[in-house]
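Since every read-out is calculated from the coordinates, none of them should be taken as a lab result. Computed from a predicted structure; not experimentally measured. Glycine also receives a Cβ, built like all others from the backbone with ideal geometry; neighbour counts cover every protein chain displayed.
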Amino acid sequence: MPDDARARQRTGTGLGILLALVLGAVLLTALPDDGEREGGAACAPHSVASWSAEKDLTAEFARYGDDPSRADDWTGGDGTHSVRLPDGRLLWLFSDTYLGQVHAPPNPFGESYTWREASAPLVRNSAVVMRDGRLERTLPAPLFPDPAPNQWRWPVAARVEPRSPGSSDQVLRVLLWVRTAGQSPWIYGVPTATEVATLSLPDLRVESITKILDQQLVPDASRRVLFGTTLIEEGGWTYVFGGDDGQAASRPVSHAYVARVPKGRLAEPGAWQYWHGSEWGTARPRAVLGDGQRTGVGSAFSVARVGGTYLLFTMAAGSAGLTTVTSYWACSPAGPWHGPTRDFSPSLPPGGQVAAYNPQVHPELSDDGRLVVSYDVNWLDTGGAAATQLSRNVSLYRPRFVTLRAAPTR
C-alpha cells in the first residue's frame with residue numbers, strides 16, 4: 001500500500017473527519033435579491049414536515065459491503081453522491097473508500113461487529129453500480145487517478161450531458177475536488193482545484209479530466225473554493241454549489257458559493273459564471289451563505305427544489321452539528337436564504353464518538369416533497385484510534401438514509 005494511503009488510515013480517512021469537523025455551524029446570511037426569483041409566486045417558506053429512516057437502502061449498502069464473495073469490492077466509504085444513468089442504472093460515487101473483505105463477528109476484540117483487517121486497502125475514490133435497487137459491482141478503484149504526487153481527487157456531484165451541445169451522444173460529467181497533502185492544520189489536504197471528468201456511456205470509462213477552477217494562486221488556503229457539493233438544474237442552467245474550508249483542522253466558519261453553467265457545458269471552463277454579489281460573471285465568487293464570523297457552512301451540503309422553493313440541508317449549528325440536520329429555504333440559488341427551520345437527528349450506529357455529516361439529497365430516488373437523503377457516519381478521533389474503530393466495526397464508515405417530507409410553513 002502507498003505510504004500516503006497508510007497515513008490516511010492512521011488518521012481515520014480524510015473526508016469523513018474533515019466534514020464532521022467543518023459542518024458544525026451554519027447560518028445563511030441574507031443578501032439582496034438577485035432579480036432571479038425562479039420560484040416566483042410558487043416560492044414559499046418550507047421546512048421538514050416529517051422524516052423516517054430509509055431502512056431498506058441503508059440495509060442494501062450493509063449487505064453489499066458485508067458480501068465476502070469478492071476481494072476488490074467496496075466495503076465502506078463516505079462523500080456519498082449518486083447519479084442516474086440513461087439505461088436506468090444508478091451510479092454511487094464515494095471519496096475515501098475501503099476495499100478488500102470483511103469478516104463475520106465476533107471481531108478480534110470479542111465484539112459482535114462485522115470487521116475488516118487493519119491492512120485493508122484504502123483508496124481515494126470509488127464508484128459502485130446499482131440496478132433495480134440492488135448494488136451489483138464496484139468499478140476498478142480508484143476510478144479517478146491521482147493528478148500528481150501527494151495529490152488526490154474526491155468525486156462529488158455528477159450529471160449526464162450531451163458530449164457537445166446538440167449532440168445525441170451522451171456522457172457522464174463528474175465534478176472532482178483536488179486536494180494536496182499538507183501539514184497542520186491541513187491534515188486532510190489543502191484545497192487545490194475543481195475539475196470535471198468526462199466518462200463514456202454505458203461503459204463508464206474515464207475519457208478526460210478538465211480543470212475548471214485552479215485555486216493554487218489563492219495564498220490563503222482557507223479562502224480557496226471548491227465547487228460541486230451539489231447541483232441544481234433550472235431554467236436552462238446548471239447551478240453548482242461549493243464551499244471553502246475556513247479553518248482546516250477546527251470547527252470553522254466557512255462560506256458557501258454558487259456558480260452557474262449553461263446546461264450541457266459543465267466541462268467547459270469558459271462557460272462557468274460565478275455569483276459575486278450583484279451579478280454573474282467571471283470575477284472571484286462572493287459568498288452567498290455564512291457571515292464569516294460566528295457561523296457558516298462547511299464544504300459539504302445539499303440543495304434540492306420543492307415546487308418553487310430551494311431547500312438547503314446541512315448540519316445544525318453548534319454542538320448539535322455532530323448529530324442534527326437542519327434546513328434553509330430560498331427563492332433563488334443565490335438567496336437570500338432563510339432559516340434555520342426544523343431540525344431532525346437521524347440514527348447513528350453504536351460505539352461512542354460517532355458523528356453524522358454530509359447530508360445529500362438524491363433526486364433520482366425522490367419526488368416533489370418527498371426527499372431521500374443520505375448522511376455519512378464516522379469516528380471523530382483524528383488519531384490512530386479512528387482507523388482501529390473503522391476496522392473493528394465496519395458500519396461506522398457507511399452511508400445511512402432517511403426519507404423526509406418538506407412542506408410549506410405558515
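Just a few scattered comments:
- Of Asp244, Asp220, the sequence from fewest to most neighbouring Cβ atoms within 10 angstrom is Asp220, Asp244.
- Label-point gap, in nm, between Glu234 and Arg163 - each point 7 angstrom along Cα→Cβ: 3.3
- Nitroxide proxy distance, nm - points 7 Å out along Cα→Cβ at Glu279 and Phe109: 5.8
- When the convex hull of its Cα atoms is viewed from all sides, the stretch 194-251 shows a mean projected area of 6.1 nm².
- Chain lengthening between Lys211 and Ser119 when straightened (0.36 nm per residue, less Cα-Cα): 29.8 nm
- As a size descriptor, the averaged projected area of the C-alpha convex hull of the stretch 145-264 was calculated at 8.1 nm².
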